[in-house]
1. Among 141, 157, 172, flag the residue with its Cα farthest along the positive direction of the charge dipole of the stretch 111-183, charges on Cβ as +1 for Lys/Arg and -1 for Asp/Glu.
2. By a straight-distance test (C-alpha under 16 Å), which aspartates and glutamates pair with residue 102 as possible cross-link partners, with residues fewer than eight away in the same chain excluded?
3. Using just the helices of the chain, give the 222 nm mean residue ellipticity in deg cm²/dmol: DSSP H runs with n ≥ 4 each add -39,500 (n - 2.57), and the total is spread over all residues, rounded to 500.
4. Determine by what factor the alpha-carbon radius of gyration of the chain differs from 2.2 N^0.38 Å, reporting the quotient.
5. Could you order peptides 279-292, 396-409 by the average number of other Cβ atoms within 10 Å of their residues, highest first?
6. Could you pull out every one of the aspartates and glutamates with an alpha carbon less than 14 Å from that of residue 322, ignoring same-chain neighbours closer than 8 positions?
7. Non-local amide H neighbours of residue 261 (under 5 Å, H modeled in plane, Pro and chain starts lacking H): which ones?
8. Using only alpha carbon pairs under 8 Å that are at least six residues apart, calculate the relative contact order of the chain and give it in whole percent.
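Read-outs: derived from the displayed coordinates by stated rules, not from any lab. Predicted model, so just to flag it, every value in this text is computed and none were measured. Cβ placement follows ideal geometry from the backbone for every residue including glycine, while neighbour counts extend to all protein chains displayed.
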Amino acid sequence: MAAWRSAATFAPHSGTIVLPYPEAFGASDGMAKKSQATWGGRFSKGPAELMLNFSESVSFDKRLAPFDIAVNRAHTAMLHHVGLLSRRELKAIHKALDVVEKQIADGKLKWDAAFEDVHMNIEQAVTKIAPEAAKMHTARSRNDQVATDSRLFLKHASESVVKLLKTLQRSILSIAEANQNVFIPGYTHLQRAQPVSVAHHLLAYVEMFSRDIVRFEALHDAANWCPLGSGALAGTTLPIDRAFAAKHLGFVDKRGNARLTTNSMDAVADRDLFLDFGHACGVCATHFSRVAEDIILWNSSEFGYVELPDAFCTGSSLMPQKKNPDSLELLRGKSGRIIGSLQSLYTMVKGLPLTYNRDLQEDKVQIFDSFDQISICLQVLEGTISGMSFRDDNCATAVSDAGLLATDLADWLVNEGVAFRDAHHVVGSMVAKAEGLKVPLNEVPQADAKKIHRKLGGDWRVVFDLGRAMKAREGVGMPGPKQIKKQIARWTKAYAK
Ligand code: ARG
């Protein structure tokens, strides 16, 4: 739980704000009038209350507050740098930002739907303390502001998911390491195919999640471009210094040079990062859903390969004997929700003309939910896997099925000079014979075997030694014991704390 809470913390440059904020949200009287205070100059009448409730986003985008405050600090510092704010004004605004930041962290700021979103709520709160903040929105629009806040959020979110993925990887690796000598059937078509070590099977998960890490790291890099200064869509006539603000916010390359978006229209219309994040979450969820399905099967009485930790299972309200793998079932179920968010984002963005359209306000709903769900899912999977133990006896029984080494027998014939297609056919006949005699493949009598192929007059039964079968598979990526040790060492090094 602690880690999942800390997934919602952010330290822009100094000081950490912990999310989620306590609920302090509510619509207030005179909403329409207040709302006009920010953009109401051209309106003779305020919006209907129904419209305000419909259009507000502060109920969900308030979690952008730490990023919005960081953007306000950077933007005003830049305004001072170019001479659009005096030192005194800047000081007053920064002091007020500190106060509002603390109010938010303490759950004391009253979020007000009349001010629509997190940006206007913060601006109003700051202006109430320091009237100088009437200049805070100089040379800026909420369009470039929300784009900048979102990029900061996505940088933070991808970093946080990578941390959770690495913790998961370490747990899978330690279970793999402990189960290098436990063997189970590997499956294709959910039919027993060939034997593998439990470690080899678990290392397949490590591969899957390592690709997720790469995806989230790439997303972090793609988010690292600053759109601030793009204005509503066409920049500003005021003499701003975009690089100054970008550097202040950490939008820099390895050498410390500012990374700036290069088309103001694209910068405020672009939601690729949201799609990328939705996709990265969707693939990751697809991975943990498949892992969950494997373990659900392994946990069934029919397989009986694993024992799950009580802490991540639940009982039945009716059947006293039941211990259900609910954590894994929910992981499988939640993957649908996470994939659905990506679909929502695509549908929302695809028909929009450039540039900003209010539809885009809904983008945050999806990525916040995906981030929250992926974060808790990865922790639950980690908890379930690290508390899981393999039932060696059942695994040994399942893997003792000699049919699993039928392919090895064909390979043995190949080594004896038989063409593989013929060898395949020969072993097929051996399998049929074994079935007919109701004996395991390795117990087909020598006389029968020899009749099927003359080469089977020799010591073909050697292939039915599991240890030999595994040692025969030492090519890169194969389940041979040396190869497994190598892979475990490689990944352990990669994910060392
Ligand atoms: N709350 C808005 C959003 O998230 C901020 C941008 C509003 N821009 C505007 N032109 N109304 O999309």
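1. 172
2. 23, 68, 123
3. -19000 deg cm²/dmol
4. 1.30
5. Highest to lowest by the protection proxy: 279-292, 396-409.
6. Here the aspartates and glutamates satisfying the reach criterion relative to residue 322 are 307, 310.
7. 226
8. That works out to 14 percent.
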